[in-house]
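Enquirer: One structure follows; several queries about it will come next.
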Amino acid sequence: MRGKLKGTIFALLCVALWALIPVVAKLGQSSLDNHQFLFWSSLVSFTVIAVTVIVGGKIKFILQYTIKEWLWLSFLGLLGTYIYYLFLYLGYSKATGMEVLVIQYTWPILIVVFSIFILKERLTYKKSLAVILGFIGVLLVLTKGNIADISINNPSVIALVAAGAACFALFSVLSKKVVKEPLGVVAVYFLVASIASLISMLCFSTFALPSTNEVPAILINGIMVNGFSYVLWLLALKSTEASYLAPFTFITPILSAIYLIVFFNEPFFPAYGIGLILVVLGGLINSVILPCKSDLEISNGGSY
């Protein structure tokens, strides 16, 4: 019982930090663009995780990586800590926050799709329902409830956010094959993100120091939202079962929506709320609800 209580506390703290992504993304990009903000945030995150790895005596695990393992982890880092955040930060700086939020949280639904094709997992009615609910939720947000009239403020930006969500889903599926020590792996991910964001900043933007107003957002994002939150999540996983903790992750988009409305006066359409609920419900159905006898496999007509 004490383990579950500790795990719950750690998980709730982690979720509260993850939900701050829209807030820090907006506050941290008043003068910086997404390339610059990502670079500084990734650099801070890498520093925090690297110090944790060194203090915790985990550096020996990283030094044992083969070249093949370094290349594979670098590829995953590009997907999950570079491309995903690059497009996500662009979304929160250019598009309506609520639209970006719902598109962002399609990644748990996309994990279902990728798992079927990549991991050869079976397609069940439960998984199909999760995908359908997620699709309807996104459609409601993009049409603001009027299915006959799709109205998106920045379609190209929203498309990039969707691509980023797909990259994070792919990152999550492929990461299931990673069996290395977690903190060392995370350190490599943010090292890759720091290098990649530096290159993209120099190629597609310019080197810029954050303003005084942006420094707190970068530090909070780098240290807490992307850095310390990983430590909290690892502590939660050590305290209790992952299956018990999974539902807590779906509190994140709900908290993020509240933050956007309260702090930035984001316009809120009823369709946004319904769409967000459907996306979260789709993720919950796939991740939490256990399969039962009626959860038939959809294969060659399906059978009990």
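Enquirer: Which members of segment 43-61 meet the condition of being in contact with an Asp or Glu (Cβ under 8 Å, 6 or more places away or on another chain) and assigned to a helix (DSSP H, G or I)? Lay out the reasoning, then the answer.
Expert: Our first condition is that a residue be in contact with an Asp or Glu (Cβ under 8 Å, 6 or more places away or on another chain); within segment 43-61, this holds for 58, 61.
Once the filter is applied, which keeps residues that are in contact with an Asp or Glu (Cβ under 8 Å, 6 or more places away or on another chain) and assigned to a helix (DSSP H, G or I), segment 43-61 yields only Phe61.
Enquirer: Now, a different point. Only one of these conditions is not met by Ser151: (1) more than 18 Å from the chain's Cα centre (by Cα); (2) modelled with pLDDT of 70 or more; (3) within 23 Å of Asn265 (Cβ to Cβ); (4) polar (S, T, N, Q). Which number is it?
Expert: (2)
Enquirer: Hey, another quick one. As an exercise: evaluate Lys176 against (1) over 16 Å from the mean Cα position of the chain (by Cα); (2) assigned to a helix (DSSP H, G or I); (3) surrounded by fewer than 21 Cβ atoms within 10 Å (Cβ to Cβ) and give the number of the one condition it does not meet.
Expert: Just one mismatch for Lys176, condition (1).
Enquirer: I'm trying to understand the selection: among the residues of segment 20-42, which are more than 13 Å from Tyr85 (Cβ to Cβ) and part of a helix (DSSP H, G or I)?
Expert: Val23, Lys26, Leu27 - these are the residues of segment 20-42 that are more than 13 Å from Tyr85 (Cβ to Cβ) and part of a helix (DSSP H, G or I).
Enquirer: Being within 27 Å of Val225 (Cα to Cα) and at pLDDT 80 or above is true for just one of Phe171, Phe117. Which residue is that?
Expert: Phe171
Enquirer: Inside segment 6-57, can you point out the residues that are at pLDDT 90 or above and in contact with a Lys or Arg (Cβ under 9 Å, 6 or more places away or on another chain)?
Expert: The answer is Asn34, and nothing else.
Enquirer: If you take the residues of segment 214-259 that are charged (D, E, K, R) and not in a helix (DSSP H, G or I), which of them is modelled with the highest pLDDT?
Expert: Glu214
Enquirer: Among the residues of segment 58-77, is there at least one that is under 30 Å from Pro155 (Cα atoms) and surrounded by 24 or more Cβ atoms within 10 Å (Cβ to Cβ)?
Expert: yes
Enquirer: Just wondering, is there one or more residues in segment 75-95 that are aromatic (Phe, Trp, Tyr) and not in a helix (DSSP H, G or I)? So that I can check it myself, show each step before the final result.
Expert: Residues of segment 75-95 that are aromatic (Phe, Trp, Tyr), as a first pass: 75, 82, 84-85, 87, 89, 92.
If we keep only those that are not in a helix (DSSP H, G or I) as well, we get none.
Checked against the condition, which is being aromatic (Phe, Trp, Tyr) and not in a helix (DSSP H, G or I), segment 75-95 yields no hits at all.
Residue by residue, here is whether (1) more than 13 Å from Leu38 (Cα to Cα); (2) surrounded by fewer than 19 Cβ atoms within 10 Å (Cβ to Cβ); (3) within 12 Å of the chain's Cα centre (by Cα) holds:
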residue: Ile83; (1), (2), (3): no, no, yes
residue: Glu99; (1), (2), (3): yes, no, no
residue: Pro108; (1), (2), (3): yes, no, yes
residue: Val112; (1), (2), (3): yes, no, no
residue: Glu121; (1), (2), (3): yes, yes, no
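The values are calculated or read from the model by the stated rules, or taken from the named source; none is laboratory data. Keep in mind it's a predicted model, so treat the numbers as computed, not measured. Because the Cβ atoms are built from the backbone with ideal geometry, glycine has one as well, and the counts that use them run over all protein chains shown.
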